Amino acid sequence: MTGSNLSAEYARARLEDGYYEDLTASIRALGKTCLAEVTYNVDFKRIIDTYTGNHSFVTKNGGVFTINIFGQIAPTSAGTIISAKGNHYMGRDGEKASPTSPKQIFDGSTAKDILVVGAPTDCDEILSTLFLNQIATLNEVKEAEELEELESDKDFKSKESGGGQRVKKRKLDEVNNSDDDSTASSTVEAVLGTNGGEILSDVLERNLLSVSEPVVKMGAFYDPRLNDDYRGDLFKLVDDKLVQLDVRTAKNELIAPWKFYDALKPGTLILAECTLHIFLMEDTKKGFTRKTYQINARSIRVLDGSDADPIPREVPEFNREPSTSNTKRQEKSDVTNAFASFEVPVKRKKTVETPTTRNNASPVGNASTKKPGGQKKNKKKNPIVEEEEGDVDMEGCLA
């Protein structure tokens, strides 16, 4: 079934062959470079941009707070989006574009993939608790924000990455581990971005010419037509290019963006190096401030594949009248080093035949684009992690 999660047989094989046990050991070895092991206002804190009012997070020493988050990719029904269009807003039915509000994708438009991740299916209680402790850390941030809102004279409306379940951290030595299905129901949503925090659009109008597959490497720019669903009237790119994001297999091999559909399909286990953000936008007409919680994935590592169906390549329908309008570099942190050196568990014995090699999932596409060197850069927005009712978001992108 399209968009379904991995099979019970595949999940059971992870448990029975010791994969989950090995994954638990690897996650615990991350220590305080994992979201499950840090505490808000102890290991990291909030700072406010004096110009925009947006919130970002830094370490106790003042450096940019990056953190590793793990989980299993949820199906599209839970909010995962991988497509050439990404999460680009086309407008409500009947709403037309205007020169000030273009609904088609032009150079400089924002088009982001979103990964919703959850606890691994049928995992043991310790691994499930580690996942939930990640959500508990996010809840610490949210609860602190809510206390401030009660003392403010402003009316806030929040949009979160995931949400729905408020959990408190549990100590792992108090967990009675078992082989029972204790899979957590909460999820985390992460926006997939580049290392610099930029997310890309797409480029060049679609035509019927064949496009040869290029060499895949970091920093490369590609023809967006390599994405099978880059077709139709929605796309009006001229200069922007599809950009190579830092998304890798378990063997640390780069995954081309047009292969994300297969490589990041539901049921896939990933580790993501992320940043946390809160964006505020005043709605003067409605009289409230919209607060959006986001998690941006800077790097993603596939830990284990899935036997679920790939995310479908659907060409977006667009029938509206088109518009004619056309950080500072840092040293590698402990989180980055832990992400890079993470010991990916390997399958101990072959118990289930799947169309995907567990430690080298085959990839498929994305909608990120960027101007190649020498061309004028378009101003891009940072990727976002949002919390939806019933989910808890990661960005980069848990289900």
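If only the Cβ of Lys and Arg carry +1 and only the Cβ of Asp and Glu carry -1, the dipole of the range 1-75 around its Cα centre is close to 380 debye. P(r) for the range 1-85, from all Cα pairs and a bin width of 5 Å, is 3, 11, 14, 13, 13, 17, 13, 9, 5, 2, 0 %, short bins first. Residue by residue, the range 307-317 carries 3J(HN,Hα) couplings of 9, 6, 5, x, 5, x, 8, 9, 6, x, 8 Hz when phi is fed to the Karplus relation 6.51 cos²θ - 1.76 cosθ + 1.60 (θ = phi - 60°); x denotes Gly or Pro. Amide H to amide H distances under 5 Å link residue 237 with 204, where only residues 5 or more positions off or on other chains count and H is placed in the peptide plane. Taking Cα centroids, how far is the range 108-130 from the range 39-91 in Å? Cα centroid of the range 108-130 versus Cα centroid of the range 39-91: 13 Å apart. Taking each of 85/347; 168/251; 103/265 in turn, the alpha-carbon distance tops 30 angstrom for 85/347; 168/251.
Scan the range 21-74 for trypsin sites (Lys or Arg not before Pro) in coil per DSSP, keeping those whose Cβ has at most 16 other Cβ atoms within 10 Å, and list them by number. Here the sparse-neighbourhood loop sites are 60.
Every number here is computed from the coordinates shown, using simple stated rules; none is lab data. Nothing here was measured: the structure is a model prediction, and the numbers come from that model. Positions of Cβ are backbone-derived with ideal geometry, glycine not excepted, and every protein chain shown enters the neighbour counts.
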